[in-house]
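Worksheet for the structure shown next.
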Amino acid sequence: MAFQNTIITTTAPTTIISPVTGYFNDLIWVILTNTSSTGVRVDITAGGPTCSIWLPATTTLPIFPPSAIPVGSTGNTWTAALSAAVTDVRIFANYLSHQ
């Protein structure tokens with residue numbers, strides 16, 4: 001297992017889990033923190049279906065799915081994008097890297 005911490009402020013897709021050649025990086029859990037005074041939608045994807053999460057203003061939201069969310073293929077990058085530019089959204093992701 002590994003962890004990656006990311007800060008996002010714009011709508012551009014931002015890497016939250018970097019790819020490793022030849023390995024699958026399956027998302028285990030994620031903690032989202034919105035330090036801004038505006039709520040925002042966070043879209044998380046790894047090239048497949050997108051998970052959209054509403055993150056209210058000044059809120060921390062832990063997301064613990066019942067099982068790991070598999071990445072589509074090796075080398076795919078997990079990204080997050082915001083529905084609007086805000087002051088600061090922090091994403092702490094835990095993932096399992098395997099072949």
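The values are calculated or read from the model by the stated rules, or taken from the named source; none is laboratory data. Computed from a predicted structure; not experimentally measured. Virtual Cβ from ideal backbone geometry, glycine too; neighbours counted across all protein chains shown.
A few points about this structure:
- Every residue from the stretch 16-35 that is hydroxyl-bearing (Ser, Thr, Tyr) and in a strand (DSSP E or B): 33
- Exactly one residue out of 62, 66 is at negative phi and outside any strand (DSSP E or B): that is 66.
- The stretch 39-54, subset in a strand (DSSP E or B) and hydrophobic (A, V, I, L, M, F, W, C), residue modelled with the lowest pLDDT: 51
- Output for the stretch 21-41, where each listed residue is within 29 Å of residue 99 (Cα to Cα) and surrounded by 14 or more Cβ atoms within 10 Å (Cβ to Cβ): 23, 24, 25, 26, 27, 28, 29, 30, 31, 32
- Entry remark, the stretch 69-94: residues being touching an Asp or Glu at 6+ places or on another chain (Cβ under 6 Å) and either part of a strand (DSSP E or B) or free of Cβ contacts under 8 Å to residues at least 12 places away in the same chain (or both) number 1 in total.
- Matching residues, the stretch 60-76, being of a type in the set (Ser, Thr, Tyr) and over 18 Å from residue 1 (Cβ atoms): 60, 73
- Applying the set (1) closer than 18 Å to residue 96 by Cα; (2) touching a residue at least 60 places away in the same chain (Cβ under 8 Å); (3) crowded, with 19+ Cβ neighbours inside 10 Å; (4) among the hydrophobic types (A, V, I, L, M, F, W, C) to residue 44 leaves exactly one unmet item: (2).
- Considering residues of the stretch 1-15 that are in a strand (DSSP E or B) and either hydroxyl-bearing (Ser, Thr, Tyr) or at pLDDT 95 or above (or both) only, the residue surrounded by the fewest Cβ atoms within 10 Å (Cβ to Cβ): 15
- Single match in 57, 81 (criterion: at pLDDT 95 or above, over 16 Å from residue 5 (Cβ atoms) and surrounded by 14 or more Cβ atoms within 10 Å (Cβ to Cβ)): 81
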